[in-house]
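Okay, structure first, notes after.
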Amino acid sequence: MTIDEVTRAADVLGADRWNIWMKCGLHDWAALPQTDSHEHYCPQCYTVWTAEGAIKNVPGRHAT
Ligand SMILES: [Zn+2]
């Protein structure tokens, strides 16, 4: 996947991303799959980590 595809997938999840993120629990980011540009991403909640392990797109909590 490219970083754009991961970002788009995260957008599609929208408000549900928070719940999926909570279900994921602690991510072993280094073991997660990588994008073409070497970020890591979670295939469940589409959170992205840089190659150094910094989270790029923590899901926001949405009030419903
Ligand atoms: Zn996840």
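The values are calculated or read from the model by the stated rules, or taken from the named source; none is laboratory data. None of these values were measured; they are calculated from a predicted model. All Cβ positions, glycine included, derive from the backbone under ideal geometry; neighbour counts span all protein chains shown.
For the stretch 15-64, a tally of residues being in a loop (DSSP other than H, G, I, E, B), among the polar types (S, T, N, Q) and more than 14 Å from the ligand (Cβ to nearest atom) returns 4. Does TYR41 meet the test of being at positive phi and surrounded by 12 or more Cβ atoms within 10 Å (Cβ to Cβ)? The answer is no for TYR41. Among the conditions (1) in contact with a strand residue (DSSP E or B) (Cβ under 7 Å, 6 or more places away or on another chain); (2) surrounded by fewer than 11 Cβ atoms within 10 Å (Cβ to Cβ), THR47 misses just one, which is (2).
Taking the stated definitions as given, is VAL6 touching a residue at least 40 places away in the same chain (Cβ under 8 Å), assigned to a helix (DSSP H, G or I) and more than 10 Å from the ligand (Cβ to nearest atom)? For VAL6, the condition - touching a residue at least 40 places away in the same chain (Cβ under 8 Å), assigned to a helix (DSSP H, G or I) and more than 10 Å from the ligand (Cβ to nearest atom) - is met. Kindly evaluate PRO33 against the criterion of being exposed (fewer than 15 other Cβ atoms within 10 Å of the Cβ) and within 9 Å of the chain's Cα centre (by Cα). The answer is no for PRO33. Screening ARG8 on (1) buried (at least 16 other Cβ atoms within 10 Å of the Cβ); (2) at pLDDT 95 or above; (3) of a type outside the set (Gly, Ala, Ser) shows it passes everything except condition (1).
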